[in-house]
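Here's the structure, in structure tokens; my notes come after.
Read the figures in this text as sums done on the coordinates, not as results from a lab. Quick caveat, the model's predicted, so the values are computed rather than measured. FYI the Cβ positions are ideal-geometry reconstructions off the backbone, even for glycines, and counts take in every protein chain you see.
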Amino acid sequence: MAEMFWLGGDHQWRKYTGGQQPREMSPQMAFLGAAKMELTDDEFNRVLLRMATFGAHVRQVPDGDPQP
């Protein structure tokens, strides 16, 4: 689930699902998760390409890989 919601790892996902006061999920994060579940990889990548047209350059970084 952490990968689907682009979180830093399983420990981050648990902050949204456990404890006495779980974190509230933002609408943007919920949309990302739903998009990852509903869209094909090609469709999802097409959205990322559209985002790049207005300056939002996003790429997935596998868990544990350093970010540039």
If you scale each eigenvalue of the Cα gyration tensor by 5 and take the root, what three semi-axes come out for segment 10-53, rounded to whole angstrom and sorted largest first? 27, 11, 8
The exposure ranking of Thr53, Thr17, fewest beta-carbon neighbours within 10 Å first, is Thr53, Thr17
Exposure proxy ranking, count of Cβ atoms within 10 Å, fewest first, for Met37, Met4: Met37, Met4
Order of Phe44, Phe31 - criterion: other Cβ atoms within 10 Å of each residue's Cβ, fewest first: Phe31, Phe44
